[in-house]
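Presented below is the structure to which this report refers.
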Amino acid sequence: MLEEQPQQRQSRTGTTWTEEENEQVVALVRSGADLDAVADGVRRSSTSVVARLRRMLPLEHRSCPNDRVVLALREHLRDPDYDWQGQMLLTLPPRPVVNPPAIVREGLAGLADDDLVTVAHSVLLDDRVATADLRGRLVAEVKQRGLADRVGQSHESYLATHRELTGFRDLDEQVHRWSKAVGLTVHRNPYAWADGPW
């Protein structure tokens, strides 16, 4: 029977490592073989061999660069009492779980939508209660969140309960004027009837 050529032998990539392969890797490293020779010897990829060799190193040396792994293991294997099998049983401690701090939004960004609508309407209703800067920031935040129509609805409710109006169109017109004056420009759907809903 003809012996298979090295390039014709089936690759062991993706299969479980055996004790025989571990012993073979150690023997190849002790004999002075480089990474490619070790990988060819066990018919595995060099990436897989580097990972296996790392597990044979002490925990504190497992972070050495890939091109130094063979040399690092060879240095430890010079000691005849070096227990590479025992090192393989050791695992690095798990990385600490780091919980990022909760994001705490402050100022206008920290207000819930309902609260922002209420505060914005209250402040914009009377231009004496806030600075121009605060009013500008409120309008910008309301627009950014798409809440201008809700502020307009809040103003509509306010007008309906606090003013005598002649009809729906008068209410709609006042809401439109007010929203435009404060910089929100609420876009309202005009009523579909000409003289009334009936």
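Nothing in this text is a laboratory measurement; each read-out follows from the coordinates by a stated rule. Not measured: the values here are computed from a predicted model. FYI the Cβ positions are ideal-geometry reconstructions off the backbone, even for glycines, and counts take in every protein chain you see.
Here each label is just a point 7 Å from Cα along the line to Cβ, and for residue 140 and residue 126 those points are 2.6 nm apart. Of the peptides 150-159, 95-104, 111-120, the ranking by mean beta-carbon count within 10 Å, highest at the top, reads 150-159, 111-120, 95-104.
Between residue 105 and residue 64, the modelled labels are 5.2 nm apart [label points 7 Å from Cα along Cα→Cβ]. The slack in the chain from residue 161 to residue 97, taken as 0.36 nm per residue of separation less the alpha-carbon distance, amounts to 17.5 nm. Counting every pair of alpha carbons in segment 18-89, the share spaced more than 18 Å apart comes to 27 percent. Our compactness index for segment 107-182, the C-alpha radius of gyration over the empirical 2.2 N^0.38 Å, is 1.10.
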